Every structure is written in C-alpha cells, then in structure tokens.
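Heads up, the thing below is written out as structure tokens.
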Amino acid sequence: MDLSEKQWEILGPLIPKPRVREDGKGRPWRDPRDIMNAVLWILRTGAQWEDLPKRYPPRSTCHRRFQQWVKNGVLEKVVKALAQDLKDRGGIDLEECYVDGSFVPAKKGALLLGKQSGGWVQRSWRSETLMVFLSPLALSLLRRTK
C-alpha cells in the first residue's frame, strides 16, 4: 500500500527536496515519495532491508535516506503532523494520554478460552501510519540509527 495523492499532499512538504548539483554531475536523487513508501513498507511489515521489494528504490538508498531523516528530525515531524491531523479530525486527544506499566502474564490456554473483541473499527490511513511509527519495531529501528 503506497501513499495516495491526498496522503502525499500532507507528508510531501515535510520531506526535504532532492539535492541537485549545479554542475549537473553525479547521480540524481531518487524521488522522496518512493523512499517514504519503502520506509513505510519496512516499518509496516517488520522485514529486513534486504527483503525490500524490487518496486522500491535500492535498499541501500532507502536505508541511507531513512537514517538521514531520523538524524535530521524529518520522521519526527511526520509523526507529529500525522498526530496533529488526527487531533484536528477528532481521532485522537493529545491532552489525555496514559501509560500503563503493569504486566499481566497470560494463563495457559488463554487464547483458546478468551472472547474476541467485537468492537473493531476501521482506522484511517493517518492512524495506521502513526501506529507504524509508534510500534515497538519502529522505535527499536529509530534507536539503532545514529
């Protein structure tokens, strides 16, 4: 699932424009939208960079740009923009946040005996993308980058 035009209208201005050398030498930078799609695919699936599908730019390019965006605060701006957009639409209240540090071990056979939740609600792409960045995998990837 790649970013739609509407989604890119929100995220595009937050991503730095590709550098262009005045002398015209060197390889031109890949489209930032393609890179963001690849980064989102990695964060959504939890796959290794080596498993990046061929439809995306080379994994080394995507990984390098991902590290640059983390270092320069670009991904933080993206997460904040998504959270603000959700807040504006009434999908999230940033004033009321809770952190629960309790741990409850599961009992043997709990999955077989527990009832499934019936309160499934379709989420917007913004909340899904925000959840990708807030996932434990994404946080561990962000911590590992310099």
Using label points projected 7 Å from each Cα along Cα→Cβ, tell me how many nm separate Asp2 and Glu128, to one decimal.
1.6
For the pair Lys77 and Arg19, how long in nm is the line joining their label points, each one 7 Å along Cα→Cβ?
1.7
Would you mind ranking Leu3, Leu75 so that the residue whose beta carbon has the fewest other beta carbons within 10 Å leads the list?
Leu3, Leu75
Where Lys and Arg each count +1 and Asp and Glu each count -1, what net charge lies around Tyr56 among other residues with Cβ under 14 Å from its Cβ?
+3
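Only the coordinates and a few stated rules stand behind these numbers; no lab work does. In this text, all values refer to a predicted model and were calculated from it rather than measured experimentally. Neighbour counts are summed over all protein chains in view; Cβ atoms, including those assigned to glycine, are modelled from backbone coordinates with ideal geometry.
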